[in-house]
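Note sheet for the following structure.
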Amino acid sequence: MKDHPSTPLAGYPHRSDEDLIARATAFQVRMSQRRSVRDFDPRPVPRAVVEAALLTAGSAPSGANHQPWFFVVIDSAEARARIRAAAEAEEREFYETKAPQEWLDALAPLGTDPDKAFLDIAPVLIAVFAQKRGGPGPGDDRKNYYVAESVGIATGLLIAALHEAGLATLTHTPAPMGFLNEICGRPANEKPFMLMVAGHPAVDATVPTAALDKKPLDAVAAWI
């Protein structure tokens, strides 16, 4: 017998094996078309699309249900310009002095460089923060658990939701990212996790051929 309040499970109607396979396969096909895009069209995205995607991200499982994430959508041109300048400064230092040659060699087929024009062009820019302290209720100040894992799952759902809506995405992680706390007005106990870039892809957008090479199932999974 449960010793805590509970609610009947909803949202799981009985489905045949055939239906399960069809739904799983259809989703797999849609997600297999997802690409990390760096060429964006500045055409605006309805706010309702972004809000729905954020609510999807916020539905992710988390340690003790503390939901240790916070999302800041950056709209102002001034904030975007500051973020781009700070991110490119970190990226230049990374490429010129920090990155070992092995890492640079691994990045070479993807054609990345310190120029991050997409931070100005893409219509959706979301800073994702991981909270060391919080809790399930607004204003809570308790230790959060499995923070990186929880925020990682939420970010994955955010990517899937934006892709399902028809938008292209890019995960951007300049390091360090402390400048995001100041620009976004977030407290020091929140750690910047990543910048999520999204929007309509440019008409002439391309992706590196090397990025299309995904490992087959037997290289990433096993049944034991």
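Tabulated values for the structure
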read-out	value
Residues of the range 34-62 satisfying the condition of being under 14 Å from LEU158 (Cβ atoms) and among the β-branched types (Val, Ile, Thr)	VAL45, VAL49, VAL50, THR56
Residues of the range 131-155 satisfying the condition of being part of a loop (DSSP other than H, G, I, E, B) and in contact with a strand residue (DSSP E or B) (Cβ under 8 Å, 6 or more places away or on another chain)	LYS132, GLY135, ASP140, ASP141, ASN144, TYR146
Number of positions in the range 72-90 that are without any contact (Cβ under 8 Å) to a residue 60 or more places away in the chain and among the hydrophobic types (A, V, I, L, M, F, W, C)	5
Residues of the range 91-108 that turn out to be touching a residue at least 12 places away in the same chain (Cβ under 8 Å) and hydroxyl-bearing (Ser, Thr, Tyr), as a count	1
Check on ILE153, open to solvent by 60 Å² or more (accessible area, probe 1.4 Å), in contact with a Pro (Cβ under 8 Å, 6 or more places away or on another chain), at pLDDT 95 or above and closer than 16 Å to PHE70 by Cα	yes
Residues satisfying the stated conditions in the range 48-71, i.e. open to solvent by 40 Å² or more (accessible area, probe 1.4 Å), farther than 18 Å from CYS184 by Cβ and either of a type in the set (A, V, I, L, M) or free of Cβ contacts under 8 Å to residues at least 40 places away in the same chain (or both)	ALA48, VAL49, ALA52, LEU55, ALA64
Single residue of the range 38-47 satisfying the filter (open to solvent by less than 70 Å² (accessible area, probe 1.4 Å) and either part of a loop (DSSP other than H, G, I, E, B) or of a type in the set (A, V, I, L, M) (or both)) that is farthest from ILE121 (Cα to Cα)	VAL45
Any chance ARG92 is part of a helix (DSSP H, G or I), closer than 15 Å to LEU180 by Cβ, of a type outside the set (A, V, I, L, M, F, W, C) and open to solvent by 80 Å² or more (accessible area, probe 1.4 Å)	no
Residue in the range 192-203 that is modelled with pLDDT under 95 and part of a loop (DSSP other than H, G, I, E, B) present	no
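Rundown of residues vs (1) touching a Leu at 6+ places or on another chain (Cβ under 6 Å); (2) farther than 28 Å from PHE179 by Cβ; (3) outside any loop (DSSP other than H, G, I, E, B), yes/no style:
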position	(1), (2), (3)
PRO8	no, yes, no
GLN67	no, no, no
LEU104	no, no, yes
PRO109	no, yes, yes
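The values are calculated or read from the model by the stated rules, or taken from the named source; none is laboratory data. Here the structure is a predicted model, which is why all the values come from computation and not from measurement. Glycine also receives a Cβ, built like all others from the backbone with ideal geometry; neighbour counts cover every protein chain displayed. Ligands, DNA and RNA are excluded from the accessible area calculation, which covers all protein heavy atoms including side chains. Shrake-Rupley method; radii C 1.70, N 1.55, O 1.52, S 1.80 Å.
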